[in-house]
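A.B. asks: The structure's right below; bear with me while I get my questions together.
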2 protein chains.
Amino acid sequence: MFEQMNGKIGNWLRAGGEEPSVVLSSRVRLARNLKGLTYPIYADNSTREQVVSFVATAIEKSPLLESGGFYRSAEVNDLDRNFLIERHLISPEFIQPESPSGVYIGTDEATAIMVNEEDHLRVQTLGSGLSLSEVLKRATGIDEELATTLDYDYDTDFGFLTSCPTNVGTGMRASILIHLAGLVLTKEIDSVIDHITKLGLVVRGFYGEGSDVWGNLTQISNQTTLGRSEHDIAESLEKITRQIIEFENKARERLVADARDEIADKVWRAYGILRHARVLTSEETMNLFSALRLGGALELFDRVPLRTINELLLLTQPAHLQKYVGETLGASQRDVARASLVRERLAET
Amino acid sequence: MFEQMNGKIGNWLRAGGEEPSVVLSSRVRLARNLKGLTYPIYADNSTREQVVSFVATAIEKSPLLESGGFYRSAEVNDLDRNFLIERHLISPEFIQPESPSGVYIGTDEATAIMVNEEDHLRVQTLGSGLSLSEVLKRATGIDEELATTLDYDYDTDFGFLTSCPTNVGTGMRASILIHLAGLVLTKEIDSVIDHITKLGLVVRGFYGEGSDVWGNLTQISNQTTLGRSEHDIAESLEKITRQIIEFENKARERLVADARDEIADKVWRAYGILRHARVLTSEETMNLFSALRLGGALELFDRVPLRTINELLLLTQPAHLQKYVGETLGASQRDVARASLVRERLAET
């Protein structure tokens with residue numbers, strides 16, 4: 001299953017949009033529930049099945065969702081489930097084969113709709129770089145189209161109702177995935193995160209928290225879903241993101257001014273290792289590619305296009321690797337296969 | 001000065017001879033003194049000058065030493081002095097410009113004669129790989145030729161007399177420079193060194209003691225100079241060396257059998273770093289090249305010929321680097337120049 005995605009990346013990782021050297025991607029997700037039906041966590045299988053049917057029908061009728069596929073959880077095996085998690089299309093909690101659920105995935109992977117995760121629907125749209133307003137526009141469009149078929153649980157005082165009270169109101173979470181290597185290296189990251197948190201945003205490490213400096217991709221998202229419009233939430237996140245980008249760019253400038261040789265050396269060593277290693281763990285790979293990403297942004301390195309870096313960050317994850325080679329691999333076999341894939345792809349650039 | 005050697009290696013590093021993947025080089029040196037003249041350590045400058053003149057004349061008359069040059073210490077500046085030390089042609093204690101001394105260097109650097117180091121003469125011959133008998137033959141030939149002109153201090157009971165009693169007798173030190181990476185990695189090195197020491201040989205780390213495992217080049221030489229013939233000393237060292245080579249080869253076989261992927265990974269990473277780093281310290285460079293050397297011997301790596309590895313081990317040393325770029329460089333400038341030279345040379349292979 002999902003062979004059309006195997007060995008490729010979704011649109012949102014193609015290093016397009018604004019500020020792609022700092023912001024990897026922008027994302028909006030809307031939580032929605034259907035009136036009169038028990039919410040997923042407490043629902044029995046027959047209710048869950050009913051929800052899947054309703055949503056599948058609504059998706060089928062939606063012109064905006066024409067080019068994509070709907071997959072029921074029973075069809076998706078463990079490897080494919082992890083494959084979709086690695087592609088950020090479903091959450092780790094999602095798709096338990098024993099209880100009815102499903103996921104719609106748009107052809108370009110810019111849209112995904114989880115059915116029966118924490119809420120009946122989680123409409124998610126993704127875009128490359130800083131592209132929140134475009135991503136929000138798509139989410140809203142899809143949401144409105146689905147609302148013509150589905151009867152959402154909506155309260156005139158509170159707005160959209162959700163399983164978890166933190167999502168009530170707009171049901172919206174807007175987030176960006178951002179690479180703050182400069183701020184990490186200049187050791188200013190903590191004060192910047194402090195600043196962001198005080199502004200009411202949530203900051204999370206993404207590809208593995210506690211990982212080495214280079215690999216530190218950060219996700220920033222809104223906390224508040226109540227009392228503000230979707231547009232306001234996205235606009236406020238975008239504004240703060242632009243401020244962070246400015247901090248990051250200043251940190252990068254200082255790095256080049258103060259430690260050009262040292263940074264260039266680290267970046268080129270990372271390339272040398274990726275280009276020739278025979279064994280690569282997932283974590284090291286991520287750190288090394290993050291070094292290349294920073295090197296490219298600082299114009300110290302031009303051997304590997306940003307798009308290839310994003311692509312390999314995705315394709316070297318465990319499930320992707322196994323889909324790619326077409327067999328189940330243990331951890332140490334994966335490390336060998338990962339190194340081999342990276343060598344192959346980098347030899348082409 | 002010494003421009004003919006700049007950017008090149010001496011014959012003894014050309015990875016020829018027997019067992020070049022384990023034994024880098026073989027060396028014999030003979031300590032000799034002239035009868036009736038104070039030994040260098042206690043000699044005044046006029047005596048030292050006299051010795052230099054005598055030896056220079058003898059060298060000029062020796063057909064075996066025809067193709068080479070004699071250099072007086074006053075002519076040799078600090079950089080060139082370090083350059084000759086790095087090439088193993090003179091010792092660190094040698095050539096103090098203020099007191100007369102000199103060195104003869106054969107065109108192929110297979111022969112060097114220090115005048116007024118610890119003894120009046122130190123005749124040294126070098127050969128690539130395991131080549132002790134050939135190297136001894138050359139030393140003896142030169143020694144005999146010089147003896148037709150020079151009057152050596154010789155005692156019928158003790159043999160040749162020398163400044164330090166440990167050299168009395170044959171005045172000979174035979175040594176080999178050997179790369180025991182396999183034994184280091186299998187952690188058998190200590191028991192092998194113990195064994196060698198008990199056989200009456202001296203073991204010394206060469207390129208920096210206490211360095212990382214990969215860089216560990218070891219020098220093994222005879223301790224005894226008295227009571228045995230030159231031929232016996234060389235033969236005994238050669239025999240023990242062949243035993244050590246056998247131990248080393250067995251260790252290497254085990255490494256490939258037990259940890260092939262891991263070793264290959266280390267070797268190729270070393271190559272990746274050498275190929276792309278922007279900053280390389282002398283010590284790291286040595287360690288990385290030692291990894292390539294082992295990788296080649298284990299047939300896990302074939303990108304860089306052994307001769308190039310030996311060459312770069314020599315040329316990346318501080319004085320060589322400065323001769324090569326033609327200017328004085330501070331330590332951090334050297335690290336950048338070193339990385340640049342290594343990249344350049346490896347790109348050619």
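A.B. asks: Can you list the HN-Hα couplings for the range B:312-317, worked out from phi with the Karplus curve (6.51, -1.76, 1.60; θ = phi - 60°), rounded to whole Hz and with x for Gly and Pro?
C.D. replies: 6, 4, 6, 6, 8, 6
A.B. asks: At R0 = 45 Å, how high is the FRET efficiency between B:Thr148 and B:Leu329 if r is their beta carbon distance? Nearest 0.05 is fine.
C.D. replies: The value I calculate is 0.50.
A.B. asks: Here is a further query. Can you sort A:His195, A:His231 by solvent-accessible area, 1.4 Å probe, largest first?
C.D. replies: Sorted descending by solvent-accessible area, the residues read A:His231, A:His195.
A.B. asks: Determine how large the accessible area of A:Ser133 is when every protein chain is in place; take a 1.4 Å probe and give Å² rounded to the nearest 10.
C.D. replies: For A:Ser133, solvent-accessible area is about 80 Å².
A.B. asks: How far apart, in nm, are two points set 7 Å out from the Cα along the Cα-to-Cβ line at A:Arg204 and at B:Asn11?
C.D. replies: Those two pseudo-labels are separated by 7.1 nm.
A.B. asks: If you count, for every residue in B:264-270, the Cβ atoms of partner chains within 10 Å of its Cβ, what is the mean?
C.D. replies: 6
A.B. asks: Using the alpha carbon gyration tensor of the range B:258-348, what are the three equivalent-ellipsoid semi-axes (square root of 5 times each eigenvalue), largest first, in whole Å?
C.D. replies: 25, 12, 10
A.B. asks: Could I ask something else about it? Ignore the peptide's own chain and count Cβ atoms of other chains within 10 Å of each Cβ in A:140-148; give me the average, rounded.
C.D. replies: Taking all residues of A:140-148 together, the mean is 0.
A.B. asks: Considering only protein heavy atoms, with the full assembly of protein chains and a 1.4 angstrom probe, order B:Glu348, A:Glu117 by accessible area, largest first.
C.D. replies: The ordering from most to least exposed comes out as B:Glu348, A:Glu117.
A.B. asks: Using a 1.4 Å probe and counting only protein heavy atoms, arrange B:Glu284, A:Glu75 so the residue with the most accessible area comes first.
C.D. replies: Sorted by accessible area, descending: A:Glu75, B:Glu284.
A.B. asks: Using the structure shown, select from A:Lys8/A:Lys35; B:Lys61/B:Lys239; B:Lys8/B:Lys239; A:Lys61/A:Lys137 the pairs with a Cα to Cα distance greater than 27 angstrom.
C.D. replies: Correct reply: A:Lys8/A:Lys35; B:Lys61/B:Lys239; B:Lys8/B:Lys239.
A.B. asks: Could you work out the relative contact order of the range B:258-348, using alpha carbon pairs under 8 angstrom and six or more residues apart, expressed as a whole percent?
C.D. replies: Rounded, it is 38 percent for the range B:258-348.
A.B. asks: Residues with beta-carbon under 14 Å from that of B:Leu313, excluding B:Leu313: net charge, scoring Lys, Arg +1 and Asp, Glu -1?
C.D. replies: Net of charged neighbours comes to +3.
A.B. asks: Can you tell me which aspartates and glutamates have their Cα less than 20 Å from the Cα of A:Lys198? Leave out same-chain residues fewer than eight positions away.
C.D. replies: List returned: A:Glu188, A:Asp190, A:Asp232, A:Glu235, A:Glu238, A:Glu246, A:Glu248.
A.B. asks: Sticking with this structure for a sec: Take the Cβ-Cβ distance between B:Glu60 and B:Ser133 as r, set R0 to 30 Å, and report the resulting FRET efficiency rounded to the nearest 0.05.
C.D. replies: The value I calculate is 0.60.
A.B. asks: Could you tell me how far the Cα centroid of the range A:288-349 sits from the Cα centroid of the range A:92-108, in Å?
C.D. replies: The distance from the Cα centre of the range A:92-108 to that of the range A:288-349 comes to 27 Å.
A.B. asks: When each pair of different Cα atoms in chain A is counted once in the 1/r mean, what is the Kirkwood radius in angstroms, to one decimal?
C.D. replies: Result for chain A, one decimal place: 21.1 Å.
A.B. asks: Using 0.36 nm times the number of residues separating A:Thr38 and A:Ser191, minus their current alpha carbon distance, what extension gain do you get?
C.D. replies: Stretched out fully, the A:Thr38 to A:Ser191 stretch lengthens by 50.7 nm.
A.B. asks: Separate question: Where the centroid of each part is defined by its Cα atoms, how far is the range A:21-60 from the range B:150-205 in Å?
C.D. replies: Cα centroid of the range A:21-60 versus Cα centroid of the range B:150-205: 80 Å apart.
A.B. asks: Here's another thing I want to ask about it. Amide H of B:Glu18: which non-local residues (sequence gap of 5 or more, or other chain) have their own amide H closer than 5 Å, using H built in the peptide plane?
C.D. replies: Those qualifying (amide H under 5 Å, at least 5 residues apart or on another chain) are B:Leu130.
A.B. asks: Additional query: Roughly how big is the B-A contact, given as buried accessible area in Å² (both sides, 1.4 Å probe, nearest 100)?
C.D. replies: Counting both chains, the buried surface is close to 1400 Å².
A.B. asks: Count neighbours as other Cβ atoms within 10 Å of each site's Cβ, and list the trypsin sites (Lys or Arg not before Pro) in the range A:32-66 that are DSSP loop with at most 13 such neighbours.
C.D. replies: Taking the range A:32-66 and a limit of 13 other Cβ atoms within 10 Å, the loop trypsin sites (Lys or Arg not before Pro) found are A:Lys35.
A.B. asks: Mean separation of Cα pairs under 8 Å and 6+ residues apart, divided by the residue count of chain A: what relative contact order is that in percent?
C.D. replies: Relative contact order of chain A: 20 percent.
A.B. asks: What aspartates and glutamates could a cross-link reach from B:Lys323, if we take a straight Cα to Cα line under 20 Å and drop same-chain neighbours fewer than 8 places away?
C.D. replies: B:Glu3, B:Glu75, B:Asp78, B:Asp80, B:Glu86, B:Asp108, B:Glu109, B:Glu283, B:Glu311, B:Asp335, B:Glu344
A.B. asks: Hey, which lysines would be in cross-link range of B:Lys266, C-alpha to C-alpha under 19 Å, not counting anything within fewer than 8 residues on its own chain?
C.D. replies: Once the sequence-local lysines are set aside, what remains near B:Lys266 is A:Lys266, B:Lys187.
The values are calculated or read from the model by the stated rules, or taken from the named source; none is laboratory data. Not measured: the values here are computed from a predicted model. Every residue, glycine among them, receives a Cβ derived from its backbone with ideal geometry; neighbour counts consider all protein chains shown. With ligands, DNA and RNA removed, areas are computed over all heavy atoms of the protein, side chains included. Shrake-Rupley method; radii C 1.70, N 1.55, O 1.52, S 1.80 Å.
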